[in-house]
Amino acid sequence: MKRFGLIGHQISYSKSPNIHSFMSKQLNIEFTYDLLDISQSNLDMLIKQLKNGLYDGYNVTKPYKEVIMNYMDELTDEARRIGAVNTVYVKHNKIVGDNTDYQGFKGLIKKNKIKVKDKRIYILGTGGAAKAAYHVLKDLEAIPKFVTRDALKVNQETIMYKDIDLKDVDIYVQATPVGTYPYHKQSIIDKTLVKNKYVIDLVYRPVQTKILTYAKNGVNGVDMLMIQALESLSIWLDQEIKLTPTLYKKLKDVIINE
């Protein structure tokens, strides 16, 4: 029986085990999916377990999507371009780092019919998910810009939060952990900056985050979670898994209600 897991820290809120437990029954394929809530010093141990066949694949979430790249034998073109890994597997005895957040975010935009071409978009955060969103938006001919708290990261495409200009933004992409547990009562930016704007919040639990209550309109990260999960599973099982309307409805129910 195959064994998969999610590597991260402070991830007890994750719905990924629910998704994969459901998909195991749906596909009639037995596999398990564990939450691997670890400190960075244990990453090496988990990679060794993958090499030794104790696990067959990992998803990676905050805060390890970038640092785990150092443990890979190979990176896919997508992971290298984005500069982050969220899916890990073994191929030809080599540990491969991939990124399905790209398809997840692109699928979210398509599913919700969000027009991003030529739109000025502030991406709040500079982590792995933020980087995936940035590349999707560039490919869809939007005008994305990162927003950071780290003055050392400021460049032509990155500004500080204090420099947010309401006249310079059409859409926000909220790509920080703020808004999910244990920060579910917080918003990364003030209501005055959001109240007339559209927000794509990559947080999916709770489904209505503080920043979404401030926004004129918006969408949460449920679709992205679902799509990237199925993309990862397709890679691990080496079979295409189509997100049909029926499967979409069932998975959404699993994520929101279970």
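Which members of the stretch 1-13 meet the condition of being open to solvent by 10 Å² or more (accessible area, probe 1.4 Å) and of a type outside the set (A, V, I, L, M)? Selection gives 2, 3, 9, 10, 12, 13. Scanning the stretch 235-250 for residues that are part of a helix (DSSP H, G or I) and open to solvent by less than 70 Å² (accessible area, probe 1.4 Å) yields 235, 236, 237, 247, 248.
For the stretch 158-190, a residue qualifies if it is within 21 Å of the chain's Cα centre (by Cα) and open to solvent by 70 Å² or more (accessible area, probe 1.4 Å), and the qualifying residues are 181, 182, 183, 185, 186. Would it be correct to say that residue 253 is loosely packed, with under 14 Cβ neighbours inside 10 Å and part of a helix (DSSP H, G or I)? Yes.
Within the stretch 106-118, is even one residue among the β-branched types (Val, Ile, Thr), over 19 Å from residue 202 (Cβ atoms), touching a residue at least 24 places away in the same chain (Cβ under 8 Å) and buried (at least 16 other Cβ atoms within 10 Å of the Cβ)? No, the conditions are met nowhere in the stretch 106-118.
Scanning the stretch 181-218 for residues that are under 19 Å from residue 163 (Cα atoms), assigned to a loop (DSSP other than H, G, I, E, B) and not charged (D, E, K, R) yields 187, 188, 189, 196. In the condition set (1) open to solvent by less than 20 Å² (accessible area, probe 1.4 Å); (2) within 16 Å of residue 6 (Cα to Cα), residue 130 is compliant with all but (2).
The values are calculated or read from the model by the stated rules, or taken from the named source; none is laboratory data. Keep in mind it's a predicted model, so treat the numbers as computed, not measured. When we count neighbours, we look across all protein chains shown, and the Cβ atoms used for this are built from the backbone with ideal geometry, even at glycine. Accessible surface areas use protein heavy atoms only, side chains included; no ligands, DNA or RNA. Shrake-Rupley method; radii C 1.70, N 1.55, O 1.52, S 1.80 Å.
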